[in-house]
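Data first, discussion second: the structure below is written as structure tokens.
The values are calculated or read from the model by the stated rules, or taken from the named source; none is laboratory data. All of these numbers come straight from a predicted model, not from anything done at the bench. In this analysis, Cβ positions are derived from the backbone assuming ideal geometry, glycine residues included, and neighbour counts consider all displayed protein chains. These accessible areas exclude ligands, DNA and RNA; they are computed on the full protein's heavy atoms, side chains included. Shrake-Rupley method; radii C 1.70, N 1.55, O 1.52, S 1.80 Å.
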Amino acid sequence: MSAQARPKDYAAAIYDLALEPWLTHLGNVEQALRDAALRAALADPGLSTGAKLDRLNQALPAGLTGEMRKFVGTLLEAGQLEQLSAILIEFDRLARRRPERTLAHVTSAVPLTEAEQETMRAKLSQRFGADLEIQFEVDSSLIGGVHLRVGDQVIDGSVAGKLAALRDHLTAP
């Protein structure tokens, strides 16, 4: 497999590009809402919702899309603008979570050296992607070799696995 970016890499980049403006701009809105005069105006029961929305839109930082302005306006109309900080914390957590990383289980008959683990990491990352999380385990019943499981794929290069395959082949009708 070549070292070129895979569709998964491009998709991850799009994911980051799509979410980052929301995190940045809503963070800027949060900063703007720290202004005591603005908060007082938005909390004033004598002002209509329309007047509050106008005041809020004047105070919002430049660069906000219409969708972002509508979202902040929705929070204001629902009386939940003070929840923006908590919303941002949760949104950041979700945005940083990304899709689950693929887990690779590498089981060997004896502990692998650091050099062997690094070689295994490089080869597995090349084949399955750089976002692979690798767990190394030892199982002496393998006798020798390596048993690998990545997602639903299994590659059994262990001596025990080869002996079992040979036994099955020899006893097959």
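Miscellaneous remarks
- Considering residues of the stretch 62-78 that are surrounded by 12 or more Cβ atoms within 10 Å (Cβ to Cβ) and touching a His at 6+ places or on another chain (Cβ under 7 Å) only, the residue farthest from SER48 (Cα to Cα): LEU64
- Only one of the listed residues (ALA18, ALA51) is closer than 30 Å to GLY151 by Cβ, at pLDDT 85 or above and assigned to a helix (DSSP H, G or I). That residue is ALA18.
- Identity of the residue in the stretch 130-145, out of contact with any strand residue (DSSP E or B) (no Cβ under 9 Å at 6 or more places or on another chain) and in a loop (DSSP other than H, G, I, E, B), that ends up farthest from GLU116 (Cα to Cα): ASP131
- Close pairs from the stretch 110-132: first surrounded by fewer than 16 Cβ atoms within 10 Å (Cβ to Cβ), partner assigned to a loop (DSSP other than H, G, I, E, B) and of a type in the set (Lys, Arg), Cβ under 8 Å, at least 6 apart: ASP131/ARG101
- Criterion violated by LEU112 - all others in (1) within 30 Å of ILE14 (Cβ to Cβ); (2) more than 23 Å from the chain's Cα centre (by Cα) satisfied: (1)
- Neighbours by Cβ (under 8 Å, 6+ apart or cross-chain): first from the stretch 52-80, farther than 14 Å from GLY27 by Cα; second open to solvent by 60 Å² or more (accessible area, probe 1.4 Å) and assigned to a helix (DSSP H, G or I): LEU53/GLU77; ASN57/ARG69; GLY73/ASN57; LEU75/GLN83; LEU76/THR49; GLU77/THR49
- Candidates ASP156, ASP152, ASP131: the one that is out of contact with any Pro (no Cβ under 8 Å at 6 or more places or on another chain) and over 30 Å from ALA11 (Cα atoms) is ASP156.
- In the stretch 143-157, the residues that are under 15 Å from LYS123 (Cα atoms) reach residues that are among the polar types (S, T, N, Q) and in a loop (DSSP other than H, G, I, E, B) with C-beta atoms within less than 7 angstrom, at least six apart or across chains, in these pairs: VAL146/SER158; HIS147/SER158; VAL150/THR102.
- Exclusive hit being open to solvent by 50 Å² or more (accessible area, probe 1.4 Å), under 30 Å from LEU53 (Cβ atoms) and not acidic (Asp, Glu), set LEU88, LEU94, LEU81, LEU163: LEU94
- Residues that are among the hydrophobic types (A, V, I, L, M, F, W, C) and buried (at least 16 other Cβ atoms within 10 Å of the Cβ) were ranked within the stretch 97-109; the one that is modelled with the lowest pLDDT is ALA104.
- Meets criteria (in a helix (DSSP H, G or I), surrounded by 15 or more Cβ atoms within 10 Å (Cβ to Cβ) and either at pLDDT 90 or above or within 22 Å of the chain's Cα centre (by Cα) (or both)) for LEU148: no
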